[in-house]
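A short worksheet on the structure shown next.
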């Protein structure tokens, strides 16, 4: 299984740290030349591999950590997204009216037709997401929502490998709204930093 993070801002860095802590190789890419962020990637760890967008999207699982307005550009990086799993880590300031009343992930899913989409990891602020998820004997929770049971189970397993405690919320139009930030209408679980004790 191969992994990539597209977007290397605060959230991209936080995700990269999660992979680095467990020694799991992950490609990181932006629309810029990889040389421009190679130093930052190396500072996180040797398993963080700077690459081009064209190479990163070849991964089996792609974390979408760009600004919301940039996802259409990323979607054009492949002619077909069949067989891929996209983890939508984005939040948006677009209003519900601009999104036709739909969860933002519904728009994202349309752009990545053929891929299985999971909304996840977006409810934590970057500073929290980048911390070790092991907290006083417990594990930091990450919420996951998807209309594809297989995809959400797959990302749940990855979250476990990264040290988090995944909680599935159901489909994008139901539980997914709990972790959607759009305009001034934020889901009830946005920025809730929860820890579970097994």
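The values are calculated or read from the model by the stated rules, or taken from the named source; none is laboratory data. Predicted model, so just to flag it, every value in this text is computed and none were measured. For neighbour counting, all protein chains shown are included, and Cβ atoms are generated from backbone atoms with ideal geometry for every residue, glycine included.
A quick yes/no check of all residues on (1) closer than 28 Å to residue 43 by Cβ; (2) at pLDDT 95 or above:
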position	(1), (2)
136	yes, no
146	no, yes
156	no, yes
161	yes, yes
168	no, yes
174	no, no
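Mind listing whichever residues of region 179-193 are within 18 Å of the chain's Cα centre (by Cα) and over 14 Å from residue 118 (Cβ atoms)?
Scanning region 179-193 gives 181, 182, 186, 187, 189, 190, 191, 192, 193.
So which residues in region 42-51 are in a loop (DSSP other than H, G, I, E, B) and either in contact with a strand residue (DSSP E or B) (Cβ under 6 Å, 6 or more places away or on another chain) or loosely packed, with under 14 Cβ neighbours inside 10 Å (or both), if there are any at all?
46, 51
Which ones in region 52-70 are touching a helix residue (DSSP H, G or I) at 6+ places or on another chain (Cβ under 8 Å) and under 12 Å from residue 115 (Cβ atoms)?
Matches in region 52-70: 57, 61, 62, 64.
Tell me the residue from 124, 144, 172 that is at negative phi, in contact (Cβ under 8 Å) with a residue 60 or more places away in the chain and touching a strand residue (DSSP E or B) at 6+ places or on another chain (Cβ under 6 Å), please.
172 is the lone residue from the list that is at negative phi, in contact (Cβ under 8 Å) with a residue 60 or more places away in the chain and touching a strand residue (DSSP E or B) at 6+ places or on another chain (Cβ under 6 Å).
Could you identify the single residue in 21, 32 that is farther than 22 Å from residue 76 by Cα and over 16 Å from the mean Cα position of the chain (by Cα)?
21
For every residue, the table says whether it meets (1) out of contact with any strand residue (DSSP E or B) (no Cβ under 7 Å at 6 or more places or on another chain); (2) free of Cβ contacts under 8 Å to residues at least 40 places away in the same chain; (3) at negative phi; (4) surrounded by 15 or more Cβ atoms within 10 Å (Cβ to Cβ).
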site: 14; (1), (2), (3), (4): yes, no, yes, yes
site: 19; (1), (2), (3), (4): no, no, yes, yes
site: 25; (1), (2), (3), (4): no, yes, yes, no
site: 28; (1), (2), (3), (4): no, yes, yes, yes
site: 31; (1), (2), (3), (4): yes, no, yes, no
site: 36; (1), (2), (3), (4): yes, yes, yes, no
site: 40; (1), (2), (3), (4): yes, yes, yes, yes
site: 53; (1), (2), (3), (4): no, no, yes, yes
site: 65; (1), (2), (3), (4): no, no, yes, yes
